[in-house]
Amino acid sequence: MVSLSAKFQISASNHTEFYIYYLAKHSKKWTRRMHLIGTAVGVVGAAVSAVRMDVIGATVSAAVGVAICWAGDTAVEQTQPTTFKNPIWSVMSNFKMVASMLKGDMRI
């Protein structure tokens, strides 16, 4: 059986390869839970703020959501957030992982 460690590094040439790396870096359940909470806080807060036309509120909500996700990466998984390596693919992977959790395809 293959064992993946959150400490390994890859050079992904596409998002599919990066997503496999992203999931390995988020292997612990509390890391994934922190990402679910952080994404929910960021998205809901930003959406409510956008409806109220509150740019500062939307920005702060997104920043708080990201901070919660990063806390999961550093405190639980004890790795550097993948956002620093590839921000666009990291955000895409986060939303894909959260969607998988909400659909029940991935354990929370």
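Pairs linking a residue in region 20-41 that is touching a residue at least 60 places away in the same chain (Cβ under 8 Å) to a residue that is acidic (Asp, Glu), with Cβ atoms under 9 Å and 6 or more positions apart or on different chains, are His26/Asp73; His26/Glu77; His35/Asp73.
Quick one: would you say Met92 is in contact (Cβ under 8 Å) with a residue 24 or more places away in the chain and part of a loop (DSSP other than H, G, I, E, B)? Steps first, please.
Working: in contact (Cβ under 8 Å) with a residue 24 or more places away in the chain: yes; part of a loop (DSSP other than H, G, I, E, B): no.
No.
Selection within region 1-30: residues that are of a type in the set (S, T, N, Q) and either surrounded by 14 or more Cβ atoms within 10 Å (Cβ to Cβ) or under 13 Å from Thr79 (Cβ atoms) (or both). The member of this set that is modelled with the lowest pLDDT is Ser5. Please determine whether any residue of region 31-42 is surrounded by fewer than 13 Cβ atoms within 10 Å (Cβ to Cβ) and among the hydrophobic types (A, V, I, L, M, F, W, C). No, region 31-42 contains no residue that is surrounded by fewer than 13 Cβ atoms within 10 Å (Cβ to Cβ) and among the hydrophobic types (A, V, I, L, M, F, W, C). Residues of region 51-88 being under 26 Å from Ser27 (Cβ atoms), touching a helix residue (DSSP H, G or I) at 6+ places or on another chain (Cβ under 8 Å) and of a type in the set (Val, Ile, Thr), which ones? Those that are under 26 Å from Ser27 (Cβ atoms), touching a helix residue (DSSP H, G or I) at 6+ places or on another chain (Cβ under 8 Å) and of a type in the set (Val, Ile, Thr): Val64, Val66, Ile68, Val76, Thr79, Thr82, Thr83.
Applying the set (1) free of Cβ contacts under 8 Å to residues at least 24 places away in the same chain; (2) surrounded by 15 or more Cβ atoms within 10 Å (Cβ to Cβ) to Pro87 leaves exactly one unmet item: (2).
The values are calculated or read from the model by the stated rules, or taken from the named source; none is laboratory data. What you see is a predicted model; the values in this text were computed from it and never measured. Glycine also receives a Cβ, built like all others from the backbone with ideal geometry; neighbour counts cover every protein chain displayed.
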